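Asks: Just dropping this structure here.
Only the coordinates and a few stated rules stand behind these numbers; no lab work does. All values derive from a computational prediction rather than experimental measurement. No Cβ is skipped: glycine too gets one built from the backbone with ideal geometry, and neighbour counts run over all protein chains shown.
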Amino acid sequence: AQKVTQAQTEISVVEKEDVTLDCVYETRDTTYYLFWYKQPPSGELVFLIRRNSFDEQNEISGRYSWNFQKSTSSFNFTITASQVVDSAVYFCALKSGADSNYQLIWGAGTKLIIKP
Amino acid sequence: DAMVIQNPRYQVTQFGKPVTLSCSQTLNHNVMYWYQQKSSQAPKLLFHYYDKDFNNEADTPDNFQSRRPNTSFCFLDIRSPGLGDAAMYLCATSDWGQNNEQFFGPGTRLTVL
């Protein structure tokens, strides 16, 4: 079975602090894809990144970075020098298995609060 | 800019009164999705279209129907909304395939009185 666990329900930090959001996934497939989405208070889900199972390189995009480690089945997301605009719910998701052409398996989400 | 558009952004309906939510896309994706999202939860897939092929999730209530008259448009019909159907409804699109991300519209927040 496929599963995504985001153990942190809510994280609160002060602006300019670094923060890491954890994502642990389960799958028996050798080919799979991992995603992060951001959902600000407005409600729209914004795609942040896709990573395939064969590419373990870490990714950096501005203040955002992602650490993919197959050995621990984790795909963690770090925001450096956080800003108030980063406040949102962040979802990690997995595509794996028979329905993976269309089916996203979602984590429960982590609510990130950045205080000024 | 290519995008996914949902109308209206906010919809209020009465208990049992049919309501239709609409979604359009300029991305020319062959797959369109409808999700229901309740407060503090992950989105829940209701159904998806691959081109004109309709695919219902097993646990989607019969109360929910969908139409896709062409590539660009998709509608969600709730035949007899109950209080439990109050939620955010998200439309998304993608190309078919495991390696393709879904792009979401801004959502329609449905209130049932």
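Asks: Separation between the A:Ser71 and B:Ala86 pseudo-spin-labels, each 7 Å from Cα along Cα→Cβ, expressed in nm?
Replies: Taking the two extended label points, one gets 5.0 nm.
Asks: Now for a separate question. So which residue, out of B:Gln41, B:Gln98, B:Gln14, gets the largest mean-square fluctuation from a GNM of chain B using Cα contacts under 10 Å as springs?
Replies: B:Gln98
Asks: Let me ask something additional. Between B:Arg109 and residues 5 or more places away or on another chain, which pairs have amide H atoms under 5 Å apart, with H built 1.01 Å from N, and which residues are they?
Replies: Under 5 Å from the amide H of B:Arg109: B:Tyr10, B:Gln11, B:Tyr89.
Asks: While we're looking at this one, here's another question. Over chain B, with a Gaussian network built from C-alpha contacts below 10 Å, which listed residue (B:Leu83, B:Leu45, B:Leu21) shows the highest mean-square fluctuation?
Replies: Comparing B:Leu83, B:Leu45, B:Leu21 in the GNM, the peak value goes to B:Leu83.
Asks: Out of B:Ser40, B:Ser80, B:Ser94, any idea which swings most in a Gaussian network model of chain B, alpha carbons joined below 10 Å?
Replies: Top of the fluctuation ranking is B:Ser40.
Asks: Within 10 Å of each Cβ of A:42-54, how many other protein chain Cβ atoms are there on average?
Replies: What the average comes to for A:42-54 is 4.
Asks: Shape call for chain B from the C-alpha gyration tensor, a ≥ b ≥ c root eigenvalues: rounded (a/c under 1.5), prolate (a/b greater than b/c) or oblate?
Replies: prolate
Asks: Taking 0.36 nm per residue of separation and subtracting the Cα-Cα distance, what length does fully extending A:Ser12 through A:Asp99 add?
Replies: 27.8 nm
Asks: Between A:Thr31 and B:Ser40, with labels modelled 7 Å along Cα→Cβ, what's the label distance in nm to one decimal, could you check?
Replies: 4.0
Asks: Arrange A:Phe35, B:Phe75 by Cβ neighbour counts within 10 Å, fewest through most, would you? If you can, show how the numbers build up before the last one.
Replies: Details: A:Phe35 22, B:Phe75 16.
Result, fewest neighbours first: B:Phe75, A:Phe35.
Asks: Under 21 Å Cα-Cα from A:Lys115, which lysines qualify once same-chain neighbours fewer than 8 residues away are excluded?
Replies: Those lysines meeting the cut-off are A:Lys16, A:Lys38.
Asks: Please state the relative contact order of chain B as a whole percent: Cα pairs under 8 Å, 6+ residues apart?
Replies: 37 percent.
Asks: While we're looking at this one, here's another question. When the scattering of the protein assembly as shown is computed by the Debye formula from its Cα atoms alone, each counted once and equally, what is log10 I(q)/I(0) at q = 0.08, 0.11, 0.18 Å⁻¹?
Replies: -0.30, -0.57, -1.36
Asks: Send over the per residue convex hull volume for chain A, Cα only, as a whole number of Å³.
Replies: About 96 Å³ per residue, rounded to a whole number.
Asks: According to the square roots a ≥ b ≥ c of the eigenvalues of the Cα gyration tensor, what is the shape class of region A:44-111, taking rounded for a/c under 1.5, prolate for a/b larger than b/c otherwise, and oblate for the remainder?
Replies: In terms of gyration-tensor shape, oblate.
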